[in-house]
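Just below is one structure, and these are the notes that go with it.
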Amino acid sequence: MLRRRGAKITFSLILIGIIMISGISGFISRGNGDADSNSNMVNNRNSASLDQREKEGMIPADGGSFRIAPSRFIADSNLPILAREAAYGYHDGAIHLKKGDSFAAEIEVPKEGEYTLSFDYFILAEGLQSTEYSIQVNGKSPALEANRFVLPPLWKSNTDTFPKDRYGNEVMPTQVRADEWQTIEFADPNRMNPEPIKIKLNKGKNIIKFTLMNGELLSGSITVATPAALPSYAQYAAQHIDKTEAKSAMIVKEAEKPDFKNDTTINPLPSRNLGVSPYATNLLLLNTLGGKTWDISGQTVYYDILVEKDGLYQIGVKYKQEDKPNSRVFRTFTIDGHIPFEEAKHYPFEYSTSWKTEVLQGDEGPYLFYLSKGKHRIGIMADASPYYDVMQLLQQSIKQTNDLTLEIRKLVGNDVDQNREWEITEHFPTIQGDLLDIAKALNQEYEKAVMLNGGVDSSKGLTAMKMAVGSLEKLAAEPNQIPRKLNELNGGAGSVTQNLSNAITDLEMQPLTVDQLYISNKDASYPEHKASWINSVYESTKQFFHTFRSPKRQDNDDGVTLNVWMNRPRNYMELLQRMVDEQFTPKTGIKVNFSTLPNEQRLTLAASSSIAPDLALGISNNIPFDLGFRGAALDLKQFDDFGQVIEPFSPGALLPLIVNDEVYGVPETQDFYVLFYRKDILDSLNIPVPDTWDDVIEIMPELQRYGMNFYSPIAGATGMKPFMATAPFIYQAGGDIFGKDAFETGIDSKESLKGIELMTNLFKLYGLQMQVPVFYEHFRSGKMPLGVSNFATYIQMQVAAPELKGSWKIAPAPGIKHNGVTERWEPGSAQVSMIFKSTKHPDEAWQFLKWWISTETQVHFANQLQTLYGKEYLWNTANNEAFSQLYWPEEDKQVVLEQWKWLKEVPKSPSAYLIERELSNIWTKVVFDGGNIRSAVEDAVNEIDKETARKMEEFGYMNQGKVVAPYRIATIEDVESWVRGRDGN
């Protein structure tokens, strides 16, 4: 129950002036307790005294706003009101909210209608953790966005100058959250809708309740207002007719150094163009901002400026836009948190492959912005909202097309007889008109989009829209051919849905690269963009001769230096190098040099020729076994703290790295195999999410009735079926790949035979599709609305299927139930790290490896990846403790952690490759050739036994058919005992 605080709320006289509708986080106070000293940058609504605002009883009927201070909130849990000093200088006081806390405000309005809502907040949560509100009006959610409304933080660099790497090149500084009060209007969190979300209030009293769903913050005042339009520039100019134009003013801000930004992935970029400032011949300087890192609608950068005199100023931007050919991009400009006039919204920047200065202007000349003496904050937001109506129709058309495809598939199935004649109009009499209606609506929005793009119709998104319209019209012309051409409607390359999805993706992108921002007097002169040909030739000559010089290291070579080869992209290596230089080396004195490893086979050659590095990172999990078996890998189990180090890892992930109790590597990243399912399709067909393979078998007839199927990784493996596709069935049935040791196979045990029987029957009896080249495409099109797949598919669905956002989910993989418990054993090992036996510094190498795979380092590395490059750069660390702290969708993260409880890789042995091949042969003989399972297994065991004896003889474990040296197969219980053994438990 809500507890009422204070007396009945009274209301203020209308605040005179126009309410600025910005939808962008604005500045409230510095966070240093001295908010008044920054009055020019404070939201104007804060300036009226509380007494004056509370003189009236309701919002006036002719418009206005009302601001409710925290002292008037109705709060749960008796939340205290923090005074100004404790509230980071916020003069209205604030309440401290943690996850699950809530408060409410009562407001009275003169008539039923729609109102806007904004609120002040100060984020306390650290890192990338999101801060989310849910909002209810009179006990109900006013909009879908109100269920989880994300409050964006402000970020800043931890230093005013760019740090440098060991060669003197500038690198990205660490991004930290800024201690800033912000104001946000309740609006589309993706900034696609240009208007704020309006909430419906009843005549009389209303209760607006806020609940913090995630994060931690201070909540300040909230403001409810009647919607008002922005003034035009003509109106704005008329309001400032008495202001004088600035004289001889020039403020230059280097764009690569914004004071704040609301997204860490807006990054500075290096440019070697002579016209860019600053510039150096032989160094890489971060001298521009944005490009493809500043292309998401809502991403905003802020620049603080100090104006010496009151006056009217013009704003110029030195930019280049070459990342989106033949396309305009849009930016919205704010001053001190407000859009000054309508034309400052959706300001277009034309396509340009060269640098140019754009002075913000209209048909009558440059726009003049009034700035009073003192500090101001200029905000520039990437803005895709001009295309909002277009993208809404595209989404709607995709849904209509998907629904139509599903209905047709229910009738004709997936495998359409190409020789059968269909009278589709008998079943769908309106199909021709429906397709033409979709095409007509798309064509109308296409014309509008061309106008928004300045009349240019050759952009990628507009071309995709036109192709979709053409396909729809073509299909409508011959409706009875649609069953044979369903791939043209949905799912295939160049299909209607794919083109519409590509159009959405392209229209959403708003990249812009900026060099400098200018605030100046009217008609000011700006720096030149191009160097003279003499300077260009001179600079090219210097660069040419510089290529003959090796980069000069700016550190000394004293002490131990480890050489590490890393099988990762260069940006991953550079990030880790920086972390080592900033964190590991200062603490330990151990230096680390990283080199990229383009081909893992170099490791074997390096080991055989005595030029191996000290460590290798990011390598396949078979390499430590291959090298360790040949005496080239260091046994990590020899270190006293080994059990403690591996404790946060899934025991089953270490199995391929173990030979006779010697451990030659540790997991670095970890894959996962989970169930992917299309929630929209399963809901439509009333099909439950399967938990076991019996559940899968039960739903197969219903899926196949509608021409759909279930995906198993076996179908995705062309040629030989690998362990990762076949072994799970054996493990889930309680069987094993090996017998009591590596000299025997276990695939002929009673339990293993049950697993093999299930593996083959799924295809032979129950109709799983035998070959599926790319599950992602089938899942996206709806042909396979369920399937077991891995991390790669998860990334594809997150990044490359925007039209299915919210329509798919993951769940633990199906398994086999034993004594009431569903055993879901699946593989999961990905990349690993190892130390070479030839290293001269084994203790230092182990110290580095421990640091690298530690929870703290893995969390920091993962967060930095996403901070610098975007949320799609998910790092699937093998450290379960670290993974639980990463910025993943919480529901998905819990599914992965649950599945990792059942992670079990196949151990390695000299003959394991043949067991893998023979399991694949068993599947082929039974499924394709109709063979008997037991007969196929017996033949396989005979081949495996012969090859095992031969390989064991080769490596000295057998002599003339007799075992002369043991070869134990490690188990999960072995690894768990090593962890327990470290503390005697």
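The values are calculated or read from the model by the stated rules, or taken from the named source; none is laboratory data. Computed from a prediction, not measured in an experiment: that's the story for all the values here. Positions of Cβ are generated from backbone atoms using ideal geometry, with glycine treated the same way; all protein chains shown enter the neighbour counts. Heads up: the accessible areas ignore ligands, DNA and RNA and are worked out on the full protein's heavy atoms, side chains in. Shrake-Rupley method; radii C 1.70, N 1.55, O 1.52, S 1.80 Å.
Can you find even one residue in region 136-145 that is open to solvent by less than 10 Å² (accessible area, probe 1.4 Å) and of a type in the set (A, V, I, L, M)?
no
Can you name the residue in region 238-267 that is touching a residue at least 24 places away in the same chain (Cβ under 8 Å), farther than 18 Å from Gln516 by Cβ and of a type in the set (D, E, K, R) and, of all such residues, is surrounded by the most Cβ atoms within 10 Å (Cβ to Cβ)?
Filtering region 238-267 for residues that are touching a residue at least 24 places away in the same chain (Cβ under 8 Å), farther than 18 Å from Gln516 by Cβ and of a type in the set (D, E, K, R), the one surrounded by the most Cβ atoms within 10 Å (Cβ to Cβ) comes out as Asp263.
Where in region 401-482 are the helices (runs of 4 or more DSSP H), entirely inside, with at least 3 residues that are buried (at least 18 other Cβ atoms within 10 Å of the Cβ) and touching a Ser or Thr at 6+ places or on another chain (Cβ under 7 Å)?
431-452
Here is a yes/no grid of residues against (1) under 24 Å from Met391 (Cα atoms); (2) over 24 Å from the mean Cα position of the chain (by Cα); (3) assigned by the TED database to the domain that holds Asp101:
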position: Leu144; (1), (2), (3): yes, no, yes
position: Lys164; (1), (2), (3): no, yes, yes
position: Val171; (1), (2), (3): no, no, yes
position: Thr174; (1), (2), (3): no, no, yes
position: Phe210; (1), (2), (3): no, yes, yes
position: Met213; (1), (2), (3): no, no, yes
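Looking at region 679-696 only, could you name the residues that are in contact with a strand residue (DSSP E or B) (Cβ under 9 Å, 6 or more places away or on another chain), within 21 Å of Leu765 (Cβ to Cβ) and not aromatic (Phe, Trp, Tyr)?
Ile687, Pro690, Asp691, Thr692, Asp694, Val696, listed by residue number.
Checking Val224 against (1) of a type in the set (Val, Ile, Thr); (2) assigned to a strand (DSSP E or B); (3) open to solvent by 30 Å² or more (accessible area, probe 1.4 Å), which single condition isn't satisfied?
Failing condition for Val224: (3).
For region 100-109, enumerate the residues that are open to solvent by 30 Å² or more (accessible area, probe 1.4 Å) and modelled with pLDDT under 90.
Within region 100-109, Glu108 is the sole residue that qualifies.
Hey, could you check region 622-646 for residues that are more than 19 Å from Asn876 (Cβ to Cβ) and assigned to a loop (DSSP other than H, G, I, E, B) and say which is modelled with the lowest pLDDT?
Arg630
If Ser935 satisfies every condition in (1) assigned by the TED database to the domain that holds Ala792; (2) within 25 Å of Pro827 (Cβ to Cβ) but one, which is the exception?
(2)
Just give me the residues in region 276-296 being within 18 Å of the chain's Cα centre (by Cα) and open to solvent by 10 Å² or more (accessible area, probe 1.4 Å), in sequence order.
Lys292, Thr293, Asp295, Ile296
Across region 840-883, what is the number of residues that are at pLDDT 95 or above and of a type in the set (Lys, Arg)?
Result for region 840-883: 2.
For region 333-356, which residues satisfy the criterion of being out of contact with any helix residue (DSSP H, G or I) (no Cβ under 9 Å at 6 or more places or on another chain), part of a strand (DSSP E or B) and open to solvent by 30 Å² or more (accessible area, probe 1.4 Å)?
Thr353, Ser354, Lys356 - these are the residues of region 333-356 that are out of contact with any helix residue (DSSP H, G or I) (no Cβ under 9 Å at 6 or more places or on another chain), part of a strand (DSSP E or B) and open to solvent by 30 Å² or more (accessible area, probe 1.4 Å).
Are any residues in region 826-838 open to solvent by 50 Å² or more (accessible area, probe 1.4 Å), in a loop (DSSP other than H, G, I, E, B) and in contact with a Ser or Thr (Cβ under 9 Å, 6 or more places away or on another chain), and if so, which ones?
Ser838
Starting from residues that are open to solvent by 10 Å² or more (accessible area, probe 1.4 Å) and aliphatic (A, V, I, L, M), keep the ones in region 660-693 and report whichever is farthest from Ser789 (Cα to Cα).
Only one residue fits best here, namely Leu685.
Does at least one position in region 368-380 carry a residue that is in a strand (DSSP E or B), touching a helix residue (DSSP H, G or I) at 6+ places or on another chain (Cβ under 6 Å) and among the charged types (D, E, K, R)?
yes
One residue is enough: does region 122-131 have a residue meeting the conditions touching a His at 6+ places or on another chain (Cβ under 9 Å) and hydrophobic (A, V, I, L, M, F, W, C)?
Within region 122-131, one or more residues are touching a His at 6+ places or on another chain (Cβ under 9 Å) and hydrophobic (A, V, I, L, M, F, W, C).
Condition check ((1) in a helix (DSSP H, G or I); (2) at pLDDT below 95; (3) over 19 Å from Thr692 (Cα atoms)) across all residues:
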{"residue": "Ala725", "(1), (2), (3)": "yes, no, no"}
{"residue": "Tyr731", "(1), (2), (3)": "yes, no, no"}
{"residue": "Asp748", "(1), (2), (3)": "no, no, yes"}
{"residue": "Glu751", "(1), (2), (3)": "yes, no, no"}
{"residue": "Met759", "(1), (2), (3)": "yes, no, no"}
{"residue": "Leu762", "(1), (2), (3)": "yes, no, no"}
{"residue": "Leu768", "(1), (2), (3)": "no, no, no"}
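Check whether at least one residue in region 884-897 is on the phi < 0 side of the Ramachandran plot, in contact with a Leu (Cβ under 9 Å, 6 or more places away or on another chain) and among the aromatic types (Phe, Trp, Tyr), and report yes or no.
Yes; the residues of region 884-897 include at least one that is on the phi < 0 side of the Ramachandran plot, in contact with a Leu (Cβ under 9 Å, 6 or more places away or on another chain) and among the aromatic types (Phe, Trp, Tyr).
Does region 274-292 contain any residue that is of a type in the set (Val, Ile, Thr) and outside any loop (DSSP other than H, G, I, E, B)?
yes
When you scan region 839-859, do you find a residue that is acidic (Asp, Glu), in a helix (DSSP H, G or I), in contact (Cβ under 8 Å) with a residue 60 or more places away in the chain and not assigned by the TED database to the domain that holds Asn879, even just one?
There is no residue in region 839-859 that is acidic (Asp, Glu), in a helix (DSSP H, G or I), in contact (Cβ under 8 Å) with a residue 60 or more places away in the chain and not assigned by the TED database to the domain that holds Asn879.
Among the numbered criteria (1) within 27 Å of the chain's Cα centre (by Cα); (2) among the acidic types (Asp, Glu); (3) open to solvent by 30 Å² or more (accessible area, probe 1.4 Å), which one does Glu823 miss?
(1)
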